[in-house]
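What follows is a short report on a single structure.
Every read-out reported here was derived from the displayed coordinates using simple, explicitly stated rules and does not represent laboratory data. These numbers were taken from a predicted model, which means no experiment stands behind them. Counting neighbours? That spans all protein chains shown, and the Cβs are built from the backbone with ideal geometry, glycine included.
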Amino acid sequence: MISETALFGVFSIVLIDLVLSGDNAVVIGMAVRDLPARLRRRAILMGTLGAIGLRVTFTILAALLLAVPLLRALGGATLFWIAAKLLGGEDEGARLDSARSFWQAVSLIIVADITLSLDNVLAVAGAANGHLGLLVFGLLLSIPILMLGSAAIAELLNRWPWLNLVGALIIVWAGAQLIAHDPSVHAWVVWPLWAWFALGLVVMAFFRGIALVLAARGGS
């Protein structure tokens, strides 16, 4: 008979995966939205397997990773750049550059997963409370959530392009959370989460501005 502790662990892991895997699904969905259907499915599969592989690696190295100063802050700043990269919008041709290339889409997914998987692994590991079976369950549960969620998000982004902005805001919010929860940052700067989010919007706008200028020069 399954104990109450194990049942609570399973319930917690399901909730954690549903909530925290959403950020990964948004990134994957935005990265593959302009790929042909056949390549989109392949990129989603590779991105999902890459995310799971990274989570397994981070699970093994969790204690060491937590000791690295400013690791979460660096990941958060990277997400600001990724949000700008995926947002596009200067023109149709340039927007497609964000993900028309299969390998470019996969590389963006991997970089984003490196930053987003850390918190997911730590949360699932905490809910598993040292139970290897629950930890494996949490990792396996991530696979269908990421694959189904990414495919659905990509379809929605193609149907309603304005949702790209919503996706970018979600990614910036995830980056702000990483920075705000970094102990090294918190030791020096105590800002509310909304302040880091506002800073993330400024950084994203800066990167988009640079992309617009480069695109304009390239087209002239």
> What are the ³J(HN,Hα) values, in whole Hz, obtained from phi via the Karplus relation 6.51 cos²θ - 1.76 cosθ + 1.60 with θ = phi - 60°, for each residue of segment 183-200 in sequence order, with x given for Gly and Pro?
Replying inline: x, 5, 5, 4, 6, 10, 10, 10, 10, x, 4, 5, 5, 5, 5, 4, 4, x
> Expressed in nm to one decimal, what extension gain is obtained for the pair Asn158 and Ser107 from 0.36 nm per residue of sequence separation less their Cα-Cα distance?
Replying inline: 16.3 nm
> Based on the mean of other beta carbon atoms within 10 Å per residue, what is the order of 108-114, 23-29, most packed first?
Replying inline: 23-29, 108-114
>> I need the phi-derived Karplus couplings for segment 152-159: 6.51 cos²θ - 1.76 cosθ + 1.60, θ = phi - 60°, integer Hz, Gly and Pro marked x.
In response: 5, 5, 4, 5, 5, 5, 6, 7
>> I'd like the Karplus ³J(HN,Hα) series for segment 108-113: coefficients 6.51, -1.76, 1.60, θ = phi - 60°, whole numbers in Hz, and an x wherever there's a Gly or Pro.
In response: 5, 4, 5, 4, 5, 5
